[in-house]
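These notes concern the structure reproduced below.
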């Protein structure tokens, strides 16, 4: 099979990229391991307070369907349930499809998204323990109720948004607690750090007091504020947020029956004293997200570690061009952000590719870049508090790479 562009990843970034390329007449194929295109859009269902009141409902499944229909109408080919296992020079892409074994392309866009971090908690291999991403997919995409009495372990923007989605679906969410302090949980068990992270999602809360509190915790946290957290005064959409409690064990013979909960000090240390047992049948664990960069190694893209945007990512310029000519990136592979940013990046990556082929003017590329910045500002959930700092670091690293004579910017 011969095409102009192969896009790896059929999430919001990949689909939008395919639409922009197809509009310009480029033959484009999109490959994804999932059984249908849409990516994480398929599981998203929430209210965006930044939108007009009559249009605040963000239904990812509907948006994905509209984008897919547009792409197909433009001639984009989607190959799902398929893995890319090898990419040779000159962009010969080998896949596991039963009919098509290899695709010859002129350019590649990597839009593989993110993967969930593991967050081990004693007893986490029992039936009834589920990752927050899986919980979101079951709830919003498949309309499956994953449990009757659910507790979240791990408090971050992703888990909070999913907990709200589940509660809005009529599921009994008992609350959110921190994981057992360990070298693996790191800051995830630190009340101060987690309290500050709540500011990133405070705008999702309908309670005006909490929205005000969210602005307050962006600054320095006093010891008094941390001390009163043991009274569990924080709730989002009626879901209790226990910043001074941690699950130390998930109990049950084979399936989840209960959890053991201990109090934490303001420094995130297990305190001696009262031990609680809470009866639950499901535990949702959230360890956060990491950019999924495996595909970049197939084409030898240079990788850099920038914690402010999520960890190890492919080095790229502000127009999403990588260190390998003809390879571009878009979406969470560039750093952890929301679907709206991913969609804007999908357009930018496509226009960057088209600009290199001299098929669009520089002005159109600059306009697409501005749209990414606008999407970033309007994003209802900020997954990385220092995302802008991280983007600046990326640009500095790109400039250093170019100055070394390795590429021409």
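Would segment 1-156 count as rounded, prolate or oblate if I go by the C-alpha gyration tensor, calling it rounded below 1.5 in a/c and otherwise prolate when a/b exceeds b/c, oblate otherwise?
Values: a/c = 2.61, a/b = 1.49, b/c = 1.76.
Note, shape of segment 1-156 comes out oblate.
What does segment 103-163 give for Rg and for Dmax, in Å, if only its C-alpha atoms count?
Computed over the Cα atoms of segment 103-163, radius of gyration and Dmax are 15.9, 52 Å.
Relative contact order for the chain using alpha-carbon pairs under 8 Å, separation at least 6, rounded to a whole percent? Walk me through the intermediate numbers first.
Values: 902 pairs, mean separation 73.7, N = 409.
Value for the chain: 18 percent.
Label-point separation (nm) for residue 55 and residue 144, each offset 7 Å from Cα along Cα-to-Cβ?
In this crude label model, residue 55 to residue 144 measures out at 3.5 nm.
Read through the labelled values (i) 21, 47, 29, 3; (ii) 22, 40, 29, 9, 0; (iii) 27, 54, 19, 0 and report the label of the one computed as P(r) over Cα pairs in 20 Å bins from 0, in percent from the structure.
(iii)
Would you give the gap between the C-alpha center of segment 348-409 and the C-alpha center of segment 55-116, rounded to a whole Å?
So the separation of the two Cα centres works out to 22 Å.
For segment 231-284, which semi-axes, largest first and in whole Å, follow from the square roots of 5 times the eigenvalues of its Cα gyration tensor? Could you put the intermediate results ahead of the total?
Numbers: eigenvalues 85, 53, 13 Å².
Those come to 21, 16, 8 Å.
Which of the three applies to segment 1-61, rounded, prolate or oblate, going by the alpha-carbon gyration tensor with a ≥ b ≥ c and a/c under 1.5 meaning rounded?
Working: a/c = 4.59, a/b = 1.97, b/c = 2.33.
Judged from the Cα gyration tensor, segment 1-61 comes out oblate (a/c at least 1.5, b/c at or above a/b).
Roughly what angle does helix 12-23 make with the longest principal axis of the chain, taking Cα atoms, 0 to 90 degrees, to the nearest 10?
20 degrees
What value does segment 292-343 have for Rg/Rh, both radii from Cα atoms and Rh as Kirkwood defines it?
Working: Rg = 10.3 Å, Rh = 11.1 Å.
Taking Rg over the Kirkwood Rh, I get 0.93.
Of the beta bridges DSSP finds with both residues in the chain, what % are antiparallel, to the nearest 5? Intermediate results must be reported in sequence, preceding the final value.
Numbers: 33 of 63 bridges.
Counting DSSP beta bridges with both partners in the chain, the antiparallel share is about 50 percent.
With springs connecting C-alpha atoms under 10 Å apart, model the chain as a Gaussian network and identify which of 337, 89, 47 has the largest mean-square fluctuation.
Maximum fluctuation in the GNM of the chain, among the listed residues, is at 89.
If packing is taken as the average number of other Cβ atoms within 10 Å across a peptide's residues, how do 303-310, 15-22 rank, most packed first?
Values: 303-310: 17.6, 15-22: 27.0.
Ranked from most to least packed, the peptides come out as 15-22, 303-310.
Using the alpha-carbon atoms, what tilt in degrees (0 to 90, nearest 10) does helix 60-73 show relative to the longest principal axis of the chain?
10 degrees
Relative to the present Cα-Cα distance, how much length would full extension add between residue 187 and residue 303 at 0.36 nm per residue of separation?
On the way: separation 116, 0.36 × 116 = 41.76 nm, distance 2.45 nm.
Extending this stretch completely gives an extra 39.3 nm.
Roughly how many nanometres apart are two label points built 7 Å out from the Cα toward the Cβ at residue 357 and residue 279?
6.2 nm
For segment 284-391, just say rounded, prolate or oblate: build the C-alpha gyration tensor, square-root its eigenvalues into a ≥ b ≥ c, call rounded for a/c under 1.5, and beyond that prolate if a/b exceeds b/c, oblate if not. It would help to have the intermediate numbers written out before the result.
Working: a/c = 2.22, a/b = 1.28, b/c = 1.74.
Oblate.
Using the alpha-carbon atoms, what tilt in degrees (0 to 90, nearest 10) does helix 387-403 show relative to the longest principal axis of the chain?
40 degrees
Could you tell me the center-to-center distance, by alpha carbons, between segment 1-44 and segment 251-271 in angstrom?
Centre-to-centre distance over Cα atoms comes out at 43 Å.
Between residue 24 and residue 36, what is the spin-label point distance in nm, taking each point 7 Å from the Cα along the Cα→C-beta axis?
3.1 nm
Starting from the Cα-Cα distance between residue 294 and residue 255, subtract it from 0.36 nm times their residue separation and give me the gain in nm to one decimal. The partial results should precede the final answer.
Values: separation 39, 0.36 × 39 = 14.04 nm, distance 3.33 nm.
Difference between extended and current length: 10.7 nm.
Quick note: the coordinates plus some simple rules give every number you see, no bench work behind them. Everything numeric here is computed off the predicted structure, so don't read it as measured data. Here Cβ is always computed from backbone atoms with ideal geometry, including for glycine, and neighbour counts include all displayed protein chains.
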